[in-house]
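The values are calculated or read from the model by the stated rules, or taken from the named source; none is laboratory data. This structure is a prediction, so every number in the text was calculated from the model and none was measured. All Cβ positions, even for glycine, are placed from backbone atoms using ideal geometry, and neighbour counts span all protein chains on display. SASA here: full protein model, heavy atoms, side chains in, ligands and nucleic acids out. Shrake-Rupley method; radii C 1.70, N 1.55, O 1.52, S 1.80 Å.
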Amino acid sequence: VILSPRVSALIDGLTSLPGVGPKSAQRMALQLLERDREGGERLANALTAAMRDVRHCEECRNFCETAVCALCESDRRDRSQLCVVETPTDLLAIDAGAGYQGLYFILMGRLSPLDGIGPEDIGLDRLSERLASGEIRELILAINPTIEGEVTANYISDLAAEQNIKVTRIACGVPMGGELGYVDQGTLAHAFAQRA
Ligand SMILES: [Zn+2]
């Protein structure tokens, strides 16, 4: 089957989505063209705007289109607590269920020397600056208990120790190798309350 250039380009583009192979991409493309032009336009516009405007918050590294995100700007958050998470998904899980009112720092990954991911790739230079600002009294590590997560947590604990900042860790109840974003809210709230 020979597809027209635009149809092939669309299918090719859709394979950039996580978990989407050529077969699914083809199905999606044909479905949009045949049955949902409006949805397709909406998707195209949202993609264009997001790819053009979204960057990392200068404070927490979360995705946003302003220099500093709304959560970091909020005067309703406790600025003495900083919770370190791996992904925006983990932040959403904690913020939805753990009753936490402090600020966040999002690594967007974890240390992985084998893959060439070092401290600066996960923003630890920025984190050091925040720890040195004197504003933070408790650093809460909500990092997944994987091997790389452990290495990352230890590295960050050392950074906090240099500034004499108290470090706590949520761990109990979060399954080994599990992803925080998939832990139920009751378990997560408990893990958070029991941090030590
Ligand atoms: Zn922010």
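How high is the relative contact order of region 109-152, given as a whole-number percent (alpha carbon pairs under 8 Å, six or more residues apart)? Relative contact order of region 109-152: 45 percent.
What number comes out for the charge environment of A153, summing +1 per Lys or Arg and -1 per Asp or Glu over other residues with Cβ under 12 Å away? Once positives and negatives cancel, what remains is -2.
Accessible area per residue of the chain at 1.4 Å probe, in Å²? About 59 Å² of surface per residue is accessible. Contact order, relative form, for the chain: 16 percent (alpha carbon pairs under 8 Å, 6 or more residues apart, mean separation divided by residue count). On the basis of the beta-carbon distance and an R0 of 41 Å, S112 and S4 show a calculated FRET efficiency of 0.50.
Sorted on the mean count of surrounding Cβ atoms within 10 Å across their residues, most packed first, peptides 38-44, 27-33 read 27-33, 38-44. Helical runs (DSSP H, four residues minimum) scored at -39500 (n - 2.57) apiece and divided by the length of the chain put the mean residue ellipticity at 222 nm at -14000 deg cm²/dmol.
Quick one: pull the percent of accessible area on the chain belonging to carbon and sulfur, 1.4 Å probe, ligands and nucleic acids left out.
53 percent
The angle between the Cα long axis of helix 22-35 and the main principal axis of the chain comes to about 70°, on a 0 to 90 degree scale.
Extending 7 Å from the Cα toward the beta-carbon at both A193 and R37 defines two label points whose distance is 5.5 nm. Fully extending the segment from D95 to E138, taken as 0.36 nm per residue of separation minus the present Cα-Cα distance, adds 13.8 nm.
Taking the DSSP beta bridges with both ends in the chain, the antiparallel portion is around 20 percent.
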